[in-house]
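To keep things clear, I will list the structure first and then write my remarks on it.
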Amino acid sequence: MTVGPDAHFIEALLQDLPSQVTVKQANDILTCLTREHVLTEHEKCLVQTLLSKETLEVLAMQDAQAQLRARLLSQLLNRLRFESERE
């Protein structure tokens with residue numbers, strides 16, 4: 001099985017992902033994924049909605065929001081890496 005450049009790029013993002021992620025950090029990562037053609041602009045907008053402050057404010061504490069945002073982003077990156085390894 002060959003591992004493409006997307007898998008290496010995504011792996012690097014995963015390695016650098018902190019345990020808490022701000023909205024700005026999440027948006028920066030999504031912008032990188034879009035720039036590298038891993039995500040489309042439409043997919044980026046959908047994920048931004050899911051990771052937004054408004055979506056996660058059901059959790060009262062900002063630390064909990066940042067932790068959940070990091071976990072969601074980590075799961076997304078793992079899935080994208082898995083898919084890029086299958087190609």
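The values are calculated or read from the model by the stated rules, or taken from the named source; none is laboratory data. Because the structure is predicted, anything quoted here is derived from the model rather than measured. Glycine gets a Cβ as well: all are built from the backbone with ideal geometry, and neighbour counts include every protein chain shown.
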For the stretch 47-87, name all the residues that are of a type in the set (Gly, Ala, Ser), surrounded by 15 or more Cβ atoms within 10 Å (Cβ to Cβ) and out of contact with any helix residue (DSSP H, G or I) (no Cβ under 7 Å at 6 or more places or on another chain). Ala66, Ala70
Just to be sure before I move on: is Thr31 β-branched (Val, Ile, Thr), within 12 Å of the chain's Cα centre (by Cα) and assigned to a helix (DSSP H, G or I) in the structure I sent? yes
Could we say that Leu46 is within 12 Å of Ala26 (Cβ to Cβ), part of a helix (DSSP H, G or I) and either aliphatic (A, V, I, L, M) or in contact with a Pro (Cβ under 7 Å, 6 or more places away or on another chain) (or both) here? no
Would you pick out the residues in the stretch 13-27 that are surrounded by 12 or more Cβ atoms within 10 Å (Cβ to Cβ) and either part of a helix (DSSP H, G or I) or modelled with pLDDT under 95 (or both)? Leu13, Leu14, Val23, Gln25, Ala26, Asn27
